[in-house]
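The values are calculated or read from the model by the stated rules, or taken from the named source; none is laboratory data. Keep in mind it's a predicted model, so treat the numbers as computed, not measured. Because the Cβ atoms are built from the backbone with ideal geometry, glycine has one as well, and the counts that use them run over all protein chains shown.
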Amino acid sequence: MGRPGRLGAVVGYSAAVPAEAAGRGIPLSLQAHPTPEQAADGFAREEAAGIPLTARERNYKDPNAKPELIVAVEDGFEALCGFRPVDETRDLIDALAAASDAPHELAPWRDAAATGVREGFAWLLSGATEVATAVAAASVIAQAHPRRFELIDRLSRQYPGDPGILVAQMLNHVTLAAGEALWLPAGNIHAYLRGTGVELMGPSDNVLRGGLTPKHVDRDELAKVLDFTPGPPSRLAPLARGANVVAYRPMSVPSGAGVGFELLLITGDATVQTGSAAIALTVEGSFALSADGADAAADHGAVVFIDAPAEVRITGSGRLFLAAGV
């Protein structure tokens, strides 16, 4: 293979995320990630408290941020991304109430949601008896009208009784076509619902969860890191980088300025310069890679690791993702 150690091929979709969601249609948990400052502070606090890294209640596994971007590999990738305007949530609750024989069971949720995004979210994670009542009522209504309230019906069957079912209704529900992308900066609450995507993230395992999971949920810590500003989902437009290459760069939106990685999508012959070690993943077609005298094949499903910054020559056709630092 020429110079050993420079390129190494590994079979598998280890970079295709979320594999479990794609295979079984099970959502990944509602979650958000901290800023660098929040991560460093949280890690130091939990270290000082003597909480083992393996403990279920441990929130901060390292002192690093975990910004993410995800690109849909196939049409129909579904996600929740950021809080939507309060009036949209209120309108949904009103529609549920109109279809219910007991609309009063939803009234506390409507009152909390109408107060504001932060207040509505805090109420849903408060553990109050009225929350469980509202979750059960919404689930029953959605099961009776599954086409009209499809997302509630789906989530209630997968995570019965979970307050995250209603938290999800406060968020932007996004369906991506192949090649479309989302940017998930610190503080953005999100979940991947189903489909196949390629995700690139910062070097961290810091996840604050808010529902749709059997894992630990620390509502107070999650509230500290969340950005409660309502608005549209944070889509990430690809930037042309010459023939057969587009780049998904977080700095193409203001909240991603300074993030030191990018994801390239290569569809034909190209030469790219990486700023760090890099990982290539072929999701369609077949490619060959060459760097510093070493060569590797990258057929459909293959992952190739490039262990240092290099000029990488790529030949072939299909779709190959290349993740690297900048």
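Couple of notes before you dig in:
- Residues located in the range 268-290, provided they are more than 15 Å from Val245 (Cα to Cα) and touching an Asp or Glu at 6+ places or on another chain (Cβ under 7 Å): Ala277, Ser286, Ala288
- Yes/no for Leu263 being surrounded by 20 or more Cβ atoms within 10 Å (Cβ to Cβ) and either outside the structural domain of Asn172 (by TED's automatic domain parsing) or basic (Lys, Arg) (or both): yes
- Long-range neighbours under 8 Å by Cβ, at least six apart or interchain, first residue over 17 Å from Asp153 (Cα atoms) within the range 87-109, second modelled with pLDDT of 95 or more and not in a helix (DSSP H, G or I): Pro108/Ala128
- Flag if Glu78 is out of contact with any helix residue (DSSP H, G or I) (no Cβ under 8 Å at 6 or more places or on another chain) and within 23 Å of Leu155 (Cα to Cα): yes
- Qualifying residue in the range 228-249 (condition: β-branched (Val, Ile, Thr) and farther than 30 Å from Ala278 by Cα): yes
- Pairs, first farther than 13 Å from Val283 by Cα in the range 297-309, second of a type in the set (Ser, Thr, Tyr), C-beta under 7 Å, six or more apart: Ile306/Thr274; Pro309/Thr274; Pro309/Ser276
- The one condition in (1) surrounded by fewer than 18 Cβ atoms within 10 Å (Cβ to Cβ); (2) of a type outside the set (Val, Ile, Thr); (3) at pLDDT 95 or above; (4) assigned to a loop (DSSP other than H, G, I, E, B) that Pro230 fails to fulfil: (1)
- Hits in the range 242-267 - residues which are touching an Asp or Glu at 6+ places or on another chain (Cβ under 9 Å) and without any contact (Cβ under 8 Å) to a residue 40 or more places away in the chain: Ala243, Asn244, Ala247, Met251
- Selection within the range 180-220 - of a type in the set (Ser, Thr, Tyr) and either over 13 Å from the mean Cα position of the chain (by Cα) or modelled with pLDDT under 95 (or both): Thr196, Ser204, Thr213
- Criterion (over 23 Å from the mean Cα position of the chain (by Cα), loosely packed, with under 14 Cβ neighbours inside 10 Å and not aliphatic (A, V, I, L, M)) met by exactly one of Gly293, Gly318: Gly293
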